Amino acid sequence: MTAATTSTERKLGAGTKLLYALGATATSLKGRALSTFLLIFYNQVVGLPPKFVGMILMVAIIVDAVVDPLVGQISDNFKSRWGRRHPFMIAAALPYPLAFFLLWNPPTDWSDPMLLGWLATLLIGVRILDTFFELPHQALAPELAYEYDSRTRLMALRHFFTVIGGLGMQVMAYQVFLRENPDGSGGVLARDGYFLYSLVGALIIFATMTISTLGTLNQVPHLRQAPARKVSFKVMVREVIETLSNRTFLVITGAAMFISIAVGVRNGLELYIGLYFWNLTQPQLATLATVSVIGGFLGTALAPFIASRLGKKIGLIAVFGTAVLVHVTPVSLRLLGLAPPNGTPELLALIYGEEIFNSTLAAATGVILASLVADVVEDAEVKTGRRSEGLLLSATALMRKVVSSAGPFIATLVLTLIAFPVGAERKEVAPEVLHSLGLAYVPTILGLYGVAIAALFAFNISRQTHEENLRKLREAAALAETVSITDDPEGPIPPVPVPTPAPSRPS
C-alpha cells in the first residue's frame, strides 16, 4: 500500500503533532523580530538613514523570494533516506541561528556603507536559511493531515507556537531584554539590550528547529517519496507552469500578496505608532504585546470552530474583514478628533481593546488561510497527477515575498515623506508630522487588505470539493498499485492520470 493511500487513513499521534507544530516557533520569532525591531534598530539605534535601510529590507526579501521556488522544486524531487524535506531542515539548523545573532550585533566603529553591507549580508543570509527550514516544514503539513477539519486543527496547533515564538518573544523583549529603566534609560532605543535578546532568540531558534526536525523523522516512511524518474529541464519547466496555472492557487496567492504588503507596512510602522503617535511607555507596549499573545491563543482556538461551522472560505472572509475594521478604528478616531487624549486610561482601554479583538481575529485568519493554502495541494494533484507541495508553497512564498518587499519600503517611504526625525525622543515629534503619519496609515491598510478580501471571494474549494479530490486520489493510487502488480515487470509503468473534476461551485 502506498503512502498516498494510507495517509488519508493514518491517525497522527498527539506527540507527533506537537513536535511538528513546535517548528513554527523559529520562523515566527525571526519574523516578528525583523518586522518589529529591525527598522527601528538600524535607523534609530545604529543611526542609518531609513531610506537605505528600507532598500536593503526590500532587496533581501526579493533575493529570498527567488530562492523559494528553487528550494520548493528541489525538495519535491529530492531523494534521500531522510525523505524529501528533512535534509534541508537539518542543513539550516546551525547557520540560521548564528546569522540571526550576528544581525543584531553589528560593529560599533564601522562607517555607514560598511554597516549597510553588514545588514545586507546577514539579513539575506537569515532569510535564505529560514527558507531552507520553513518551506520544507510547511510542505510536511498537507501530508501529515489530509482531512478537511483535521488539517485546520493541525494548522491551529502550528499557529499556537507561532504566537509563542513571535508575540511571546516580543513580550519578553519589552519586559526583560529591552526593558526601559525607571530613569528612562534602556529600552528599544538603547543598544545594550539587543545582545541578550539576539542570543536568547538564536538559542530558541536552534532548539525548536532541531527538536521539530528530529521529532518528525519517524514520519518519513509514511510520507510521499520523490518520483523515480528523470526529466529534462524543458519538461520540468512545463510541469511547473502547469502546476502553477491552477486557478485556485492563483486566487489564494493573489490574496496572500496583498496581505503581505499590508503586513509589511503595518509591522514597519508599529513601533512608530506606539511610541510616538500614542506616546506609549515601554511597560504599556509590553502590556499591548501581552494582550496580543492572549488574543493569538484565543484566535487559534476559535479558528477550527469557525472553519467547521461556516466553511473555510466564508469564515475567513468574515473574520478577516472584521479584523481590518477593528484595527484601523483607534487611529481613525484620533484623526477625527474623537479619541481620548494620550496618557489617559480611556485611551489605553481603547488601544488594549482593539488589540485583543484584532489579534484574536487575525490569528483565526492566519490559521484558516494556511489551511486553505494546504487544500490547494490535492486540487493541483488531481489536475496534474503530481504531488507538488514544495513547489506550490514556494511559489506562493515567492509572489508574497516579492510584493511584501514593498511593505517595509512603503513604511520607510512614509517616514521619509513626512520628514520623521532620526533619533527622535517621545513627545518631541511635531503634531503635524504625527497627523500625517495617521493620514497615510489608515487608507493604505484599508486599501491593501480590502483587495485581499475581494480576491478571496473567487476561492472555490469547499469541503465537498476537497473530499471529492481525496476520493479521486485514493482511486488513482489503488489503480496504480494494480497496474504495478499486473504490468510487465521489465517494462516501465506508465503514470496513472488523475481525472480532472468538473468545476465546482464556490463554498
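The values are calculated or read from the model by the stated rules, or taken from the named source; none is laboratory data. Keep in mind it's a predicted model, so treat the numbers as computed, not measured. Glycine also receives a Cβ, built like all others from the backbone with ideal geometry; neighbour counts cover every protein chain displayed.
So Asp109 passes all but one of these: (1) over 19 Å from Pro408 (Cβ atoms); (2) acidic (Asp, Glu); (3) assigned to a helix (DSSP H, G or I). Which condition number does it fail?
Here Asp109 meets the rest and fails (3).
Every residue in the range 92-118 that is loosely packed, with under 14 Cβ neighbours inside 10 Å and within 30 Å of Leu140 (Cα to Cα), please.
Leu94, the sole residue that qualifies.
So, of the residues in the range 31-45 that are aliphatic (A, V, I, L, M) and either at pLDDT below 85 or touching a helix residue (DSSP H, G or I) at 6+ places or on another chain (Cβ under 7 Å) (or both), which turns out to be nearest to Phe100 (Cα to Cα)?
Taking the range 31-45 first, the residues aliphatic (A, V, I, L, M) are 33-34, 38-40, 45.
If we keep only those that are either at pLDDT below 85 or touching a helix residue (DSSP H, G or I) at 6+ places or on another chain (Cβ under 7 Å) (or both) as well, we get 33, 39-40.
On the way: Ala33: 10, Leu39: 15, Ile40: 17 Å.
Among those that are aliphatic (A, V, I, L, M) and either at pLDDT below 85 or touching a helix residue (DSSP H, G or I) at 6+ places or on another chain (Cβ under 7 Å) (or both), it is Ala33.
Which ones in the range 121-130 are surrounded by fewer than 24 Cβ atoms within 10 Å (Cβ to Cβ) and farther than 24 Å from Gly193 by Cβ?
Ile124, Ile128
For the range 424-476, what are the residues that are part of a helix (DSSP H, G or I), farther than 14 Å from Ile273 by Cα and of a type in the set (A, V, I, L, M, F, W, C)?
Leu446, Leu448, Val451, Ala452, Ile453, Ala454, Ala455, Leu456, Leu470, Leu473, Ala476
So which residues in the range 46-62 are surrounded by fewer than 19 Cβ atoms within 10 Å (Cβ to Cβ), at pLDDT 85 or above and assigned to a helix (DSSP H, G or I)?
Phe52, Met55, Val59
Which count do you get for residues in the range 270-307 that are farther than 20 Å from Pro330 by Cα and outside any helix (DSSP H, G or I)? Break it down stepwise before answering.
First, the residues of the range 270-307 that are farther than 20 Å from Pro330 by Cα: 297-307.
Restricting the remaining residues to those that are outside any helix (DSSP H, G or I) gives none.
Qualifying residue count for the region: 0.
Among the residues of the range 333-374, how many are more than 22 Å from Pro283 (Cβ to Cβ) and either outside any loop (DSSP other than H, G, I, E, B) or of a type outside the set (A, V, I, L, M, F, W, C) (or both)?
18
Among the residues of the range 224-239, is there at least one that is part of a helix (DSSP H, G or I), under 24 Å from the mean Cα position of the chain (by Cα) and at pLDDT below 75?
No; the residues of the range 224-239 include none that is part of a helix (DSSP H, G or I), under 24 Å from the mean Cα position of the chain (by Cα) and at pLDDT below 75.
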